[in-house]
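The values are calculated or read from the model by the stated rules, or taken from the named source; none is laboratory data. Everything numeric in this text was worked out from a predicted model, so none of it was measured. When we count neighbours, we look across all protein chains shown, and the Cβ atoms used for this are built from the backbone with ideal geometry, even at glycine.
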Amino acid sequence: MDINSTEKKGFSRLINWYFGRRALPYWIVLAFDCCIVLGSLLLAHVLNNGLQETFDNFVPLVLDLVVSLLCYILSFKVFHTYNGILRYSSFMDLARIGNSILLGSSINFLVHLIFRGNSGYLGILAMDLLIGSVIAVLLMWLSRVVVKIAFDTNYARDGVSNVLIFGTREGGVGIAKSMRNQHPTKFNVCGFITNLPDMIGHTLLDRPIFGTEDPKLWKFIEKEHIKYLYVSPLAQEYFVNNCQDMISRFLSIGVKLWFLPVEQEWDGKSQINHWNLREVKVEDLLPRKKIEIDLNAIAGMLSGKRVMITGAAGSIGSEIVRQLATFAPAELLLVDQAETPMHDMRLEMARKFPGLKVYTVVASITNGEYMKELFETHKPEYVFHAAAYKHVPMMEDNPAMAVQNNVRGTKIIADLSVANGVQKFVMVSTDKAVNPANVMGCSKRICEIYCQSLNAKVAAEGGVTQFVTTRFGNVLGSNGSVIPIFEEQIRRGGPVTVTDANIVRYFMLIPEACRLVLEAGALGKGGEIFVFDMGSPVRIADLAQRMINLMGANGVEIKYTGLRDGEKLYEEVLSLEENTKPTVHPKIKIAAVREYPYDEALRNEDELYELSRKGDSMAIVAKMKEIVPEFKSCNSVYDKLDK
């Protein structure tokens, strides 16, 4: 048998015997340290006085050493030297050892100074104490370091995951240090990845630094069995916008990515720890740039004001509520017809904003009399209108409800806003209102027409209410969006259903969209239809494949089912230079659209509403196409109306 192999196994068994316990009793560690102190003082005495004199006076010397040891034990107690666990020793523990030895030496010096004249033997001298203290401190420090290294390299290694860190500045270093200081150890930082040319090929914290295009990186990942990639918050935007191929490759080989959540922000100064990060969701990987908003302008508009939010329990409405609450309004009036989600919102507001006056009302915006009572009772100064039916196939089957809820409901809230002197009415619209291809998109375009024409009428009559419309595309994570649908299909083992291999959509995160809604509300002077820069379009098939990889569901297939009623392959681009005007915010532009006289818009609304009450779907959609000539149905039974 190989002797070296036997020795290694014996050492490992010894290490596992010790580290298999919760911790050694402190008195065993104390006894070990006492031996170090006695040995150090004895060695110092021999060095100063010679071996012969030490032997000649050994008995009185031992008595003197015992007295000295008692002084050190007292100092150990004063500095709580044994409160920590040996294998988790930190710099603080080492500092306690140094301070306790210094205090013990000082007490010893005073004791020997006082009692030396009462003995014929000089015993431990000041030089012995000085040299012995230095030796004792070094040996006690060394023992802790050796134990910690033995723990890290033997016992703890069994449960440790190898990781890489993207980013070599403060954020990346902070994450690496927090991993190293975690007890028990769970991560082994094997290296760093950077886009900074001057860092590539060097080492950081004694670990190699790879470039994003370095071919050696992937061999290193395979060799070291890398399980996780932690991305520094400072490098997160670069990583998402410039490393999409790298992201896909990481996901395809099963490396998990960890980010700072999008809804959180790091100031770049406070301490960052690896537990601040979480495993990515698919929405974290959308290419985008950080959206800056004018917080002062929004706070100036909303602070101390009474604000009404319709659709307050929906995906967009609820996020608007959360963001509005941070600006300290005088009152929030939340309206939605969904009882359970409204109850959840009520509890959330009470928990997060206990000092804020919040009213939760379960009601439909189509109930004109009750809405009138709410306006007269609460007298809102600002209205954010997010209530709407939004699912395209559902509204294709139910055009009467699209008209009664989306169109008529908007008219009711808009008219009441004017009648009650609301300062600003902000309506949430959709990209599907651009050259609409379905009933839902057309219903929202008709809402836009009415609000814009009403704004012109109010302005001409010297009224105060300003109407602002905001358009944006799909939001990831909203109720009924593709993300939860795909997740459920993947959990069931597939297949993941995509309507067409070439279908693309523009996406934005809910918090980002709502921040832009608030910013547009502050920017608007009345009559504008603001459109948001949604970034680059995303292939739905690519999104599905990325989710399959993220969830580690290898073998789940993607099945193409064909376009649904009212669905088209490509959404219209919202922010082309030729059909928009810029604003002071680079992500927000003003749509150049046809404007309608108020009398015409009102007449069209009334006629459409009367048709909806009769329930003739073909007649309703025909009227919608008359109001919005660019409405051309797509994959729908209403195609015949376009011929």
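Checked against the criterion of being surrounded by fewer than 17 Cβ atoms within 10 Å (Cβ to Cβ) and of a type in the set (A, V, I, L, M, F, W, C), the candidates Val556, Val584, Val538, Val593 yield just one match: Val584.
Pairing each residue of region 105-126 that is assigned by TED's automatic domain parsing to the domain that holds Cys71 and surrounded by 16 or more Cβ atoms within 10 Å (Cβ to Cβ) with any residue that is modelled with pLDDT of 60 or more and of a type in the set (D, E, K, R), provided the two are 6+ apart or on different chains, yields C-beta distances under 6 Å for Gly123/Asp64; Ile124/Asp64.
The listed residues are Val163, Val134, and the only one of them that is at pLDDT 80 or above and not in a helix (DSSP H, G or I) turns out to be Val163. Applying the condition of being in contact with a helix residue (DSSP H, G or I) (Cβ under 8 Å, 6 or more places away or on another chain) and within 26 Å of His391 (Cβ to Cβ) to region 561-584 and asking which residue is modelled with the lowest pLDDT yields Leu574. The helices (runs of 4 or more DSSP H) located wholly in region 365-431 include none with 3 or more residues which are closer than 17 Å to Glu331 by Cβ and among the polar types (S, T, N, Q). The sole residue among Asn554, Asn549 that is assigned to a loop (DSSP other than H, G, I, E, B) and not aliphatic (A, V, I, L, M) is Asn554.
Return a yes/no flag: does region 503-512 have any residue that is farther than 18 Å from Val593 by Cβ, of a type in the set (D, E, K, R) and either at pLDDT 90 or above or in a strand (DSSP E or B) (or both). Yes. In region 73-83, the qualifying residues are those that are modelled with pLDDT under 75 and over 13 Å from Asp33 (Cβ atoms), and the one that is nearest to the chain's Cα centre (by Cα) is Asn83. Looking across region 33-72, the residues that are polar (S, T, N, Q), more than 58 Å from the chain's Cα centre (by Cα) and either part of a helix (DSSP H, G or I) or exposed (fewer than 14 other Cβ atoms within 10 Å of the Cβ) (or both) come down to Asn48, Asn49, Gln52, Thr54. The residue that is nearest to Lys305 (Cα to Cα), among those in region 360-379 that are crowded, with 16+ Cβ neighbours inside 10 Å and either of a type in the set (Ser, Thr, Tyr) or outside the structural domain of Pro329 (by TED's automatic domain parsing) (or both), is Thr360.
Say whether the condition of being of a type in the set (A, V, I, L, M, F, W, C), touching a Ser or Thr at 6+ places or on another chain (Cβ under 9 Å) and modelled with pLDDT under 95 is met by at least one residue in region 405-427. No, region 405-427 contains no residue that is of a type in the set (A, V, I, L, M, F, W, C), touching a Ser or Thr at 6+ places or on another chain (Cβ under 9 Å) and modelled with pLDDT under 95. Considered as a group, the residues in region 187-224 that are assigned to a loop (DSSP other than H, G, I, E, B) and in contact with a helix residue (DSSP H, G or I) (Cβ under 7 Å, 6 or more places away or on another chain) include one that is farthest from Cys243 (Cα to Cα), and that residue is Leu205. For region 381-402, taking the residues that are of a type outside the set (A, V, I, L, M) and touching an Asp or Glu at 6+ places or on another chain (Cβ under 8 Å), the one that is farthest from Val468 (Cα to Cα) is identified as Asp397.
(1) surrounded by fewer than 17 Cβ atoms within 10 Å (Cβ to Cβ); (2) more than 26 Å from Ile483 (Cα to Cα); (3) of a type outside the set (Ser, Thr, Tyr): which one isn't true of Leu302, the others all being true? Checking Leu302 against (1) surrounded by fewer than 17 Cβ atoms within 10 Å (Cβ to Cβ); (2) more than 26 Å from Ile483 (Cα to Cα); (3) of a type outside the set (Ser, Thr, Tyr), the one that fails is (1). Cβ separations smaller than 8 Å between residues 6+ apart or across chains give the following pairs from region 328-342 residues that are closer than 16 Å to Ile316 by Cα to residues that are among the polar types (S, T, N, Q): Leu334/Thr360; Val335/Thr310; Asp336/Thr310; Gln337/Ser364; Pro341/Ser318; Met342/Thr360. For region 295-310, filtered to residues that are in a helix (DSSP H, G or I) and of a type in the set (Gly, Ala, Ser), the residue that is modelled with the lowest pLDDT is Ala297.
Close Cβ contacts (under 8 Å, 6 or more residues apart or on different chains) running from residues in region 625-643 that are at positive phi to residues that are among the aliphatic types (A, V, I, L, M) comprise Asn635/Leu563.
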